[in-house]
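All remarks here apply to the structure that follows.
Computed from the coordinates by the stated procedures, all read-outs in this text should not be read as laboratory data. Everything quoted here is computed from the prediction, not taken from an experiment. Cβ sites come from the backbone with ideal geometry, for glycine too, and all protein chains shown count toward neighbours.
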């Protein structure tokens, strides 16, 4: 089942007709983000386990590729096959983009790797990201690298990513909130142009995922505060009206 995009969605200002803003292709989600994520920005997507970080980034991947952006994703969560299969199951089929080279997938498998203190993994990642010609870079997830890095290395990494964005690239980074200490997380949020915080909350007798749009610097419109969503097989990400959630 393919994901349909209606004419109104396509005609939205700076969506599929422009590459000034990276959109998800989901009109309601984009509205909450003030129209989308401005190109050339650094965005942190943080949350606990199973809060929807990967699904949100896959939605953004799909939207970016639909717009004509070239995209590279570094994933510690999937193989190439499993990522393509997972996105297809959510009606976010990107296999053609992968075949024709507009989408590059770089799995980072760390099982069995013995961590050695002092190895600058974050520096390596920043160097690779800078060298890639792709317009959009997605890192899902940074947690495993952050956990064994010094505070200085983490802050230097995000500062390096911000400088890369100044050259025109758009970088999206997911991480678990627990990966950072409070002081470092505050400073990382400050460095980033965009900050999306995902949570899983119990409302009545149901668990609901929520996304707080804490900051999107340079958004075309006023950003929404909190949006609730659910993930449906064969459909993907569906927005739930807050009034319905609380009912």
Using alpha carbons only, how many degrees (0 to 90, rounded to 10) separate the axis of helix 182-191 from the longest principal axis of the chain?
70 degrees
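Taking neighbour counts of Cβ atoms within 10 Å as a proxy for exposure, in what order, fewest first, do 80, 37, 137 appear?
So the residues, fewest neighbours to most, are 80, 137, 37.
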Computed lengthening from residue 221 to residue 127, 0.36 nm per intervening residue step minus Cα-Cα distance:
30.5 nm
Ratio for segment 123-197, C-alpha Rg to 2.2 N^0.38 Å, reads 1.03
Test of understanding: what is the full-extension gain from residue 18 to residue 190, defined as 0.36 nm times their sequence separation minus their Cα-Cα distance?
59.2 nm
Round to the nearest 10 and give me the degree value, 0 to 90, for the angle of helix 53-67's Cα axis relative to the longest principal axis of the chain.
70 degrees
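Looking only at Cα atoms, what is the convex hull volume of the chain per residue, in Å³?
Cα-based convex hull of the chain, divided per residue, equals 132 Å³.
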Helix-only mean residue ellipticity at 222 nm for the chain, each DSSP H run of n ≥ 4 adding -39500 (n - 2.57), per residue, nearest 500:
-10000 deg cm²/dmol
Give the order of 71, 83 when sorted by the count of other beta carbons within 10 angstrom, beginning with the fewest.
83, 71
Name all residues of segment 41-80 having a backbone nitrogen under 17 Å from the label point set 7 Å from the Cα of residue 95 along its Cα→Cβ direction, giving them as ranges.
62, 79-80
Helix 121-131 against the longest principal axis of the chain: what's the angle in degrees, Cα atoms only, rounded to the nearest 10?
60 degrees
Estimated distance in nm for a label pair at residue 214 and residue 166, the labels positioned 7 Å out from Cα along Cα-to-Cβ:
2.3 nm
